[in-house]
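The values are calculated or read from the model by the stated rules, or taken from the named source; none is laboratory data. Since the model is a prediction, treat every value here as computed from it, not as a measurement. Neighbour counts are summed over all protein chains in view; Cβ atoms, including those assigned to glycine, are modelled from backbone coordinates with ideal geometry. Ligands, DNA and RNA are stripped out before the accessible areas are found, and what is left, the full protein with its side chains, is counted by its heavy atoms. Shrake-Rupley method; radii C 1.70, N 1.55, O 1.52, S 1.80 Å.
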Amino acid sequence: MYQTYDLLDRRLILYPYGKEKDNGHVSIYLAMAETNSLPVGWEVNVIFTIFLYNQMLDKYHCVRVKRARCFNKTKSEWGFSKYISEKSLRQKSNGYLVDDNLVFGANVFVVHKKPVDEIVALLNPQSAYKHIWNLDFTMLEDVWTSEEFHTRGFNWKIRLYPKGALGSKYSIVPVYLVCVSADTFDIHRKVKVEFCMHLKGRSNADSGQLSHWYTSSNTTWGFSFMNIAKDFLVDGRCTLGVDICVQVIV
């Protein structure tokens, strides 16, 4: 049993119970959707990542091929026979299967025989950009998003889940730095950022230095603070600060 999902001239082929019998994993493959119109002897070399969306934490389970795969008439699909275990997929706390719906996607890069130059900009050291966000936990919603702010040519925002992760309510509160500009990146574009999150209230805590490469398929990265209600809230309020330093642009 399998289902197909069109992706322009390619498609994802999903085997919910595994392509190989009784392997206990979901299998997924990238395939050429239409080959009849292609010239004789066609081949396409591709590097690709297949990702599964975590609908609870707004994150992705990503698996990438380690080297380019050659698609041709005799081999028109490549992928992963053990992409994710059925147990992990069905585990409600993992956030992949929500209301019987899954969200898959693929990031596909066609490798040309002629080398493509990559321009890397190493930025001069600068003082970290500081953004402050005052939080009121007496007005709970599922997701809070800060206003956008700008540094080093990129737009950013902060996303926070005030009700906590996995129904914990205050015990584990995920906070993410989102690169809004990354939604417009092409497949080659990426930016490396170091940042630190500070929570201030009854007590103070910080995430430590976090580092992440932001791309069009990976626009979000963050940290989870523990025991918000017990250790930080004063009259239901606290302050979140983020220090951001953009280091490398490719």
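What the table shows:
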read-out	value
Residues of the chain: accessible area per residue with a 1.4 Å probe, Å²	58 Å²
Per-residue HN-Hα couplings for segment 231-243 [Karplus 6.51, -1.76, 1.60; θ = phi - 60°; Hz; x = Gly/Pro]	9, 10, 6, 10, 6, x, 10, 7, 10, 10, x, 10, 9
From phi via Karplus (6.51, -1.76, 1.60), per-residue ³J(HN,Hα) for segment 193-198 in Hz, x at Gly/Pro	10, 10, 8, 9, 10, 10
Gap separating the Cα centres of segment 48-81 and segment 187-235, nearest whole Å	28 Å
Residues whose placed amide H lies under 5 Å from that of Tyr60, excluding near-sequence neighbours	Asn54
Cα-Cα over 19 Å, subset of Lys19/Lys59; Lys163/Lys192; Lys200/Lys230	Lys19/Lys59; Lys163/Lys192
Sites Asn134 and Val40, calculated FRET efficiency, Cβ-Cβ separation with R0 51 Å, nearest 0.05	0.20
Translational diffusion coefficient (Stokes-Einstein; Kirkwood radius from C-alpha pairs) of segment 17-85 at 37 °C, 0.692 mPa s, in µm²/s	239 µm²/s
Loop-located chymotrypsin sites (Phe, Trp or Tyr not before Pro) in segment 12-68 whose Cβ has at most 16 other Cβ within 10 Å (DSSP)	Tyr17, Trp42
Binned Cα-Cα distances of segment 174-250, short to long, each 10 Å bin given as a whole percent	18, 42, 25, 13, 2
Residue-wise HN-Hα coupling along segment 65-81, computed from phi with Karplus coefficients 6.51, -1.76, 1.60 (Hz; x: Gly, Pro)	5, 7, 8, 4, 10, 9, 8, 8, 4, 8, 9, 9, 8, 9, x, 10, 6
For the chain, radius of gyration divided by Kirkwood radius, i.e. Rg to Rh on alpha-carbons	1.03
